[in-house]
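The values are calculated or read from the model by the stated rules, or taken from the named source; none is laboratory data. Please read all numbers here as calculations on a predicted model, not as lab measurements. Don't worry about glycine lacking a Cβ; one is built from the backbone with ideal geometry, like all the others, and counts go over all protein chains shown.
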Amino acid sequence: MCGRFWNIQFPFLHSRFKTNWYSIMKPISIFNFHGMPSQIFEPLVSLSLLRIHLQRSSFCSAAAMEWRIGLNIPSANQLINAFSSYCYQRDLDKAMKALDFMQKHRIWADSVTYAELIKCCIARGAIIQGKQVHQHVFSNGYEPKTFLINTLVNMYVKFNMLDEAQALFDQMPERNVVSWTTMIAAYSNSEFSQKALEMLIQMLRDGVRPNMYTYSSVLRACKGSCNLAQVHCSIIKVGLESDVFVRSALIDIYSKWGELQAALCVFNEMVTGDLVVWNSIIGGFAQNSDGDEALNLFKRMKSFGFCADQSTLTSVLRACTSLALLELGRQVHVHVIKFDQDLVLNNALLDMYCKCGSLHDANCTFNRMVEKDVISWSTMIIGFAQNGYSRKALELFKAMRVSGTKPNYITILGVMFACSHAGLVEDGQYYFRSMKKLFGIDPGREHYGCMVDLLGRAGKLEEAMKLIHEMDCEPDAVIWRTLLGACGVHRNMDLAECAAKQILKLDPDDAGTYILLSNIYANSQRWKDVAQVRGSMRDGGIKKEPGCSWIEINKQIHAFILGDKSHPQIDEISSKLNQVIWRLKEMGYVPDTNFVLQDLEGEQSESSLLYHSEKLAIMFGMVSLPKKKTIRIRKNLRICGDCHVFAKLLAKMENRCIVIRDPIRYHHFHDGACSCGDYW
Ligand SMILES: [Zn+2]
Ligand SMILES: [Zn+2]
């Protein structure tokens with residue numbers, strides 16, 4: 001550093017010095033090309049001359065010279081002034097040169113200025129310079145203030161150098177709440193949660209009172225409810241339980257661990273309302289897929305006179321998304337317009353429209369967004385892919401690459417999903433094989449799952465099996481289920497048995513697998529095997545969750561379960577269904593009795609097949625909605641083949657769109673066909 005300072009920045013000075021160093025004291029202005037004000041630069045020159053002198057003669061004579069020219073004290077002040085202005089201007093190079101100089105001459109600036117310089121080092125990621133500042137403020141017996149050491153500890157944390165931060169923290173003669181909180185937050189953010197909790201205990205033993213920032217970091221470090229209860233106790237002891245941020249952090253963490261009742265207790269203890277806390281509790285329920293309660297709380301919040309902000313609306317949109325409440329989501333959209341430029345909120349809106357199967361609205365939202373990030377692009381690509389618009393998804397991916405946005409793990413998943421859906425085996429394989437090279441992303445379990453789906457759909461079952469064996473990670477039940485599904489379509493009995501065994505090893509109570517396997521046997525008239533599978537299901541007490549379908553009418557959700565007659569209009573719905581079946585039968589609809597055996601809803605008679613929950617929900621949509629309006633259903637299980645045929649024919653007969661969202665994909669029924677291409 002020192003050598004560069006002299007040799008590069010002052011070559012002219014150096015050469016002049018060789019002839020007559022004293023003469024250089026006068027023509028100061030020639031150094032203005034360094035951008036230093038001449039009156040500040042003057043002492044620098046004097047000191048630099050001394051430094052050169054130092055290199056050439058003994059220290060004593062240099063000191064004597066310094067003394068003789070009488071620049072020591074005024075130059076120190078001016079040097080500090082110059083140093084400060086560089087620090088505040090965030091001119092790292094010049095500040096470091098000045099620092100080097102100060103170091104040589106045992107001059108120190110004030111702590112605030114150093115802190116400014118450290119902030120500049122953090123912003124630039126300048127680790128070497130940051131370490132130099134650290135050395136400087138501890139050199140020659142100088143004792144930096146606690147606040148300055150805290151800033152240095154924070155710098156190491158920001159550089160992700162936790163060992164250095166801890167070492168410096170350990171050396172501190174005095175530690176205050178900021179010192180402790182910096183370390184606790186560092187460990188918490190780096191997932192060293194145990195360490196963060198230990199630090200809290202040490203802190204309390206040291207007699208330092210934690211503040212809201214300490215607790216919000218500690219709470220984030222809590223892994224599981226046991227730790228959480230202890231930290232909650234400590235918060236009450238310290239008397240911070242009514243602090244808005246602590247309360248909101250407590251609600252967030254209880255929600256994160258799925259303890260919504262505990263979160264609700266903390267929320268209900270709140271005496272004075274606060275938007276932050278409302279947002280936490282609404283967000284908690286929305287994230288735990290309890291959209292109903294999230295929306296109830298949202299209504300309560302509004303009745304208390306609070307105005308929703310971006311965070312509230314994002315959560316409410318999430319709730320609408322999980323419930324597939326398109327109409328309510330549209331209403332929220334009206335509020336979103338107030339925050340038109342908010343990226344996170346727009347992404348939530350986009351996701352809501354995609355998940356509610358309203359691609360037109362999603363596309364409009366996407367096109368209107370001024371700022372788009374990788375999440376916006378990925379959401380739209382996946383939206384197109386899952387809703388059966390593969391070409392559009394792939395076109396959008398091309399546009400994304402042109403825009404310069406770097407795809408991530410999820411984007412590639414959407415692209416592969418689109419390829420798989422459109423039967424583009426080669427394209428899918430290309431992206432899978434080259435994702436690492438093209439985008440620097442290692443294929444994960446989900447990408448393998450997509451490939452298995454792609455190959456399975458194309459009937460390349462052996463290849464799919466081979467791929468599963470090549471996986472870096474252990475295949476999970478989802479991947480085996482994908483293979484099992486493909487085996488069913490392509491009637492490969494041996495592989496189906498193998499896949500089913502693997503699933504039941506990983507998830508022994510998976511009723512869906514038993515049923516899928518028995519269906520596959522039934523399709524090949526292997527009744528003995530069917531009976532055996534049914535028998536082991538019965539013996540194991542394994543029951544399938546009942547099929548349930550939901551439909552939103554006038555912002556109300558109506559649920560339909562097979563055999564459940566609790567809906568107030570069930571008689572009207574049933575008679576409508578009977579009429580429709582008669583009319584469809586005239587058009588050539590034959591209830592596919594194969595699916596009685598397939599029995600995805602848990603009953604085994606033809607009449608039960610006719611009353612599958614989605615059929616009831618569709619009928620309710622027909623009697624309740626205006627004639628041309630799209631009927632949108634959400635379902636907890638995969639749609640059975642009979643309901644699929646039924647919906648296709650009905651869409652044609654009634655000339656209206658029907659959208660069914662099952663746990664995996666969307667079926668857009670229109671004019672006698674489905675967007676899934678009859679593969680699901
Ligand atoms: Zn069905
Ligand atoms: Zn379909």
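Side notes on the structure shown:
- Residue check for residue 486: without any contact (Cβ under 8 Å) to a residue 60 or more places away in the chain, buried (at least 21 other Cβ atoms within 10 Å of the Cβ) and not hydroxyl-bearing (Ser, Thr, Tyr): yes
- For residue 415: the one exception among (1) over 30 Å from residue 552 (Cα atoms); (2) out of contact with any helix residue (DSSP H, G or I) (no Cβ under 6 Å at 6 or more places or on another chain): (2)
- Filtered by the rule that a residue be under 19 Å from residue 180 (Cα atoms), outside any helix (DSSP H, G or I) and within 23 Å of the chain's Cα centre (by Cα), region 207-264 gives a lone residue, 222.
This table checks each residue for (1) of a type outside the set (Lys, Arg); (2) in contact with a strand residue (DSSP E or B) (Cβ under 9 Å, 6 or more places away or on another chain); (3) modelled with pLDDT of 85 or more.
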position	(1), (2), (3)
51	no, no, no
66	yes, no, no
93	yes, no, yes
120	yes, no, yes
136	yes, no, yes
140	yes, no, no
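- Filtered residues of region 389-422 (kept if touching a residue at least 60 places away in the same chain (Cβ under 8 Å) and either among the aromatic types (Phe, Trp, Tyr) or not in a helix (DSSP H, G or I) (or both)): 389
- Candidates in region 542-565 are the residues that are closer than 18 Å to residue 500 by Cα and of a type outside the set (A, V, I, L, M, F, W, C); of these, the one that is nearest to the chain's Cα centre (by Cα) is 544.
- Looking only at region 637-675, residues that are touching a strand residue (DSSP E or B) at 6+ places or on another chain (Cβ under 6 Å), away from ligand 1 (no atom under 16 Å from the Cβ) and free of Cβ contacts under 8 Å to residues at least 60 places away in the same chain come to 1 in all.
- Residue match in region 542-564 (condition: part of a helix (DSSP H, G or I) and free of Cβ contacts under 8 Å to residues at least 60 places away in the same chain): no
- Test for residue 434: is it polar (S, T, N, Q), in a helix (DSSP H, G or I) and either in contact with a strand residue (DSSP E or B) (Cβ under 6 Å, 6 or more places away or on another chain) or crowded, with 18+ Cβ neighbours inside 10 Å (or both): no
- Annotation for region 138-155: no member residue is of a type in the set (D, E, K, R), over 18 Å from residue 189 (Cβ atoms) and under 34 Å from the mean Cα position of the chain (by Cα).
- Selection from region 437-467 of residues that are of a type in the set (A, V, I, L, M, F, W, C) and part of a helix (DSSP H, G or I): 438, 439, 450, 451, 452, 454, 455, 461, 464, 465, 467
- Inter-residue pairs, beta-carbon under 7 Å, first on the phi > 0 side of the Ramachandran plot and in region 134-151, second in a loop (DSSP other than H, G, I, E, B), 6+ apart: 140/106
- Residue match in region 376-383 (condition: in contact (Cβ under 8 Å) with a residue 40 or more places away in the chain and within 18 Å of residue 670 (Cβ to Cβ)): no
- Test: residue in region 665-673 that is under 21 Å from residue 545 (Cβ atoms) and of a type outside the set (Ser, Thr, Tyr): yes
Listed here are the residues, each with its yes/no results for (1) within 16 Å of ligand 2 (Cβ to nearest atom); (2) of a type in the set (D, E, K, R); (3) modelled with pLDDT of 95 or more.
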position: 354; (1), (2), (3): no, no, no
position: 357; (1), (2), (3): yes, no, no
position: 360; (1), (2), (3): no, no, no
position: 370; (1), (2), (3): no, no, no
position: 382; (1), (2), (3): no, no, no
position: 386; (1), (2), (3): yes, no, no
position: 389; (1), (2), (3): yes, no, no
position: 396; (1), (2), (3): no, no, yes
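- Boolean, residue 564 is at pLDDT 85 or above, surrounded by fewer than 18 Cβ atoms within 10 Å (Cβ to Cβ) and acidic (Asp, Glu): no
- Filter result for residue 273 (within 20 Å of the chain's Cα centre (by Cα) and of a type in the set (Gly, Ala, Ser)): no
- Residue 615 being modelled with pLDDT of 90 or more and away from ligand 2 (no atom under 14 Å from the Cβ): yes
- When the residues of region 634-652 are filtered to those that are over 21 Å from residue 582 (Cβ atoms) and assigned to a loop (DSSP other than H, G, I, E, B), the one that is farthest from ligand 2 (Cβ to nearest atom) is 636.
- Within region 653-671, the residues that satisfy the criterion of being farther than 25 Å from residue 520 by Cβ, away from ligand 2 (no atom under 12 Å from the Cβ) and not in a helix (DSSP H, G or I) are 655, 656, 657, 671.
- Scope region 567-612; condition of a type in the set (Ser, Thr, Tyr) and at pLDDT below 70; matching residues: 593, 605, 607, 608
- Checking residue 571 against (1) assigned to a helix (DSSP H, G or I); (2) assigned by TED's automatic domain parsing to the domain that holds residue 466, the condition it does not meet: (2)
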